[in-house]
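The values are calculated or read from the model by the stated rules, or taken from the named source; none is laboratory data. Not measured: the values here are computed from a predicted model. Reconstructed Cβ throughout: ideal geometry from the backbone, glycine too, with neighbour counts over all protein chains shown. Each accessible area value is taken on the protein alone, full model and side chains, heavy atoms only, with ligands, DNA and RNA left out. Shrake-Rupley method; radii C 1.70, N 1.55, O 1.52, S 1.80 Å.
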Amino acid sequence: MVEYRIDRHSGVATYVQIVQQTKQALRLGMLQAGDKLPTAREVVEATAINPNTVLKAYRELERDGLVEARRGLGTFVRRGLSTAPADSPLRAELDDWAVRARAAGLDRDDVSALFTAVLDEQFAVPAAPAVSTEPAVSAVPAVSDTLTARVEREHPQGDPS
């Protein structure tokens, strides 16, 4: 079962955090079709938020076709979003990169900004679609190399800044 963590200082609406965390759990395969979401009461007890906030998040997930409320039974996952399971080799590579970035002195915001910049570059809409005969996975080392080069350029070994 998913456990929601609410960050009251993030500036993101609480119900949106619940929606985002549920979708992340679906993408990572932590939630699958048929799984039951925590009841509004359970979420309220764990997070001290208003039950209407939980219900609003669940209604949005229902509108997206991801969950369904069953009267008297709870809210259940209708379909997953899993494309990269939590135990994927790609996740392991990303985890290794994050360890190197942290060792190089980057904090969470630095890593987030760097990763977002690379995502924006890699997933930008191309002017003309290019057709590649290479498997999609071959792009991962290039992303990893790009991130590693940026970390090393911005925080050379021995540079405490």
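Values as computed for the structure displayed
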| item | result |
| --- | --- |
| Residue 99/residue 7 FRET efficiency (R0 25 Å; Cβ-Cβ; nearest 0.05) | 0.60 |
| Carbon plus sulfur fraction of accessible area for the range 6-113, probe 1.4 Å, in percent | 48 |
| Probe 1.4 Å, protein heavy atoms only - accessible area per residue of the range 1-69 in square angstrom | 60 |
| The range 1-71, relative contact order [Cα under 8 Å, separation at least 6], % | 34 |
